[in-house]
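Heads up: the structure comes next, in structure tokens.
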Amino acid sequence: MTDCIAPPSELLDQDQIELLFELPFSDLLFKAQTIHRQYFDPNRVQISTLLSIKTGGCPEDCGYCPQAARYHTGVSSEALLPLDGVIEAARAAKEAGATRFCMGAAWRGPKRKDLVRVREMISAVKSLGLETCATLGMLKEGQAEELRDAGLDYYNHNLDTSPEFYGEIIHTREYSDRLDTLEKVRSAGLHVCCGGIVGMGESRQARAGLIYELSKLDPQPESVPINLLVQVEGTPLFGKATLDPLEFVRTIAVARICMPKSYVRLSAGRQQMAEAVQALCFLAGANSVFYGEKLLTTVNPEIKADQALFAKLGIVPL
Ligand code: SAM
Ligand code: DTB
Ligand code: SF4
């Protein structure tokens with residue numbers, strides 16, 4: 001495991017983060033790129049592949065999510081995948097060049113019997129020589145340690161948005177529940193993957209608020225996924241005005257500046273994003289992506305398309 005990431009000595013407050021968003025675009029990108037180059041090779045990008053190990057039927061009410069049972073999105077509830085299917089997918093991901101394999105489950109949190117099977121999956125994926133990541137919802141006492149002992153490297157649990165906007169999107173769990181799970185993950189010694197979603201109709205202030213909350217986590221998350229809302233028909237957020245792509249690039253740049261040593265992942269939403277916008281995101285300091293045709297239930301760019309984009313930009317996978 002790598003060293004923990006202490007917050008930078010000059011941690012910015014919410015007002016200062018809002019001011020970053022106000023900078024002229026070129027000034028903001030220059031600042032982000034300058035910081036990015038202090039800690040990372042600007043032409044190298046980490047790639048992770050996702051697999052939904054348990055799809056749909058989720059009891060939670062996250063307004064963006066196609067997997068919530070209460071919304072009619074066409075995603076049906078499936079059982080936990082069998083171990084051999086997971087191993088096969090992980091092997092294919094490794095073959096395609098991914099270095100991390102992330103297993104997602106549409107749960108409020110894992111039950112005891114679920115965890116036994118997920119632990120087997122983690123150990124099997126780890127033994128293929130991949131880094132392992134899981135996103136299973138809220139964790140109870142001791143579960144983070146169980147996952148760690150099975151070979152888990154990263155746990156993904158997002159704050160999603162600012163504390164002020166959060167209540168507009170999710171009602172079945174509190175912001176403090178999320179912080180509590182993050183604390184359990186951190187104290188078990190796991191790497192933290194924690195980010196959020198933009199394009200949900202939030203204000204710029206809410207985007208700054210999300211980044212402020214993420215940057216205050218001590219240590220800062222090793223990995224920060226910034227998702228652009230993938231609008232799915234049937235979810236409450238379907239039909240929201242889409243976010244200006246340049247505002248998305250600004251969000252990436254501000255995340256990079258506030259969390260200089262974290263991997264900032266250009267996450268969901270790339271399928272809907274022009275290549276030039278993705279290129280600007282890399283320039284703004286994004287240095288990780290999800291790789292493979294599918295995210296959890298929605299479409300991601302084809303591997304061939306990503307390879308072609310990386311070649312055009314001179315990007316080399318880590
Ligand atoms: N059920 C677990 C949980 O919520 O913690 C893990 C899986 S959940 C799908 C992981 C993350 O995916 C969410 O926190 C959210 O940030 C992101 N996500 C879900 N649906 C999305 C969408 N339609 N567009 C963008 N990101 C989305
Ligand atoms: C994260 O922040 N984004 C990923 C991963 N962590 C689990 C999930 C994106 C899901 C997009 C909608 C879907 O495919 O269902
Ligand atoms: Fe369930 Fe996770 Fe989707 Fe929320 S984001 S509805 S917890 S699968």
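The values are calculated or read from the model by the stated rules, or taken from the named source; none is laboratory data. Please read all numbers here as calculations on a predicted model, not as lab measurements. Methodologically, a virtual Cβ is constructed for each residue, glycine included, from the backbone with ideal geometry; neighbour enumeration extends over all protein chains shown. The area values use the complete protein model at the heavy-atom level, side chains included, leaving out ligands, DNA and RNA. Shrake-Rupley method; radii C 1.70, N 1.55, O 1.52, S 1.80 Å.
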If every Lys and Arg gets +1 and every Asp and Glu gets -1 at its Cβ, then about the Cα centre segment 239-299 yields a dipole, in debye to the nearest 20, of 220
Gyration tensor (Cα) of segment 135-206, equivalent ellipsoid semi-axes in angstrom
26, 12, 9
Find the lysine pairs in the chain meeting two conditions, Cα atoms under 18 Å apart and a separation of 8 or more places or different chains, and report how many there are.
15
Classify segment 33-73 as rounded, prolate or oblate from the Cα gyration tensor: take a ≥ b ≥ c as the square roots of its eigenvalues, call it rounded if a/c is under 1.5, otherwise prolate when a/b beats b/c and oblate if not.
prolate
Inverting the mean 1/r over all pairs of different Cα atoms, compute the Kirkwood radius of the chain and quote it in Å.
19.5
To the nearest 20 debye, segment 36-97 has a Cα-centred charge dipole, built from +1 on Lys and Arg Cβ and -1 on Asp and Glu Cβ, of 240
If the convex hull of the alpha-carbon atoms of segment 100-227 is projected onto planes in all directions, what is the mean projected area in square nanometres?
7.4
Taking each pair of distinct Cα atoms in segment 237-318 once, what is the resulting Kirkwood hydrodynamic radius in Å?
13.4
Using the heavy atoms of the protein chains and a 1.4 angstrom probe, tell me the accessible area per residue for segment 145-281 in square angstrom.
33
Antiparallel bridge percentage (DSSP; both residues within the chain; nearest 5):
5
Shape of segment 24-173 from its Cα gyration tensor (a ≥ b ≥ c, root eigenvalues): rounded if a/c is under 1.5, otherwise prolate when a/b > b/c, or oblate?
oblate
What whole-number distance in Å separates the alpha-carbon centres of segment 103-143 and segment 12-44?
34
Charged-residue dipole, Cβ positions (Lys, Arg, Asp, Glu), segment 20-160 about Cα centre, Debye nearest 20
200
Report the one residue of A206, G292, L237 whose Cα lies farthest in the direction of the positive end of the charge dipole of segment 196-318 (charges on C-beta: Lys and Arg +1, Asp and Glu -1; origin at the Cα centre).
A206
At what distance in angstrom do the alpha carbon centres of segment 189-216 and segment 240-311 lie from each other?
15
Please give the per residue accessible area of segment 78-133, computed with a probe of 1.4 Å over protein heavy atoms only, in Å².
50
Within the chain, what whole-number % of the accessible surface is contributed by carbon and sulfur, with the 1.4 Å probe and all protein chains included in the calculation?
53
With all protein chains present, calculate the accessible area of Y39 using a 1.4 Å probe and round the result to the nearest 10 Å².
110
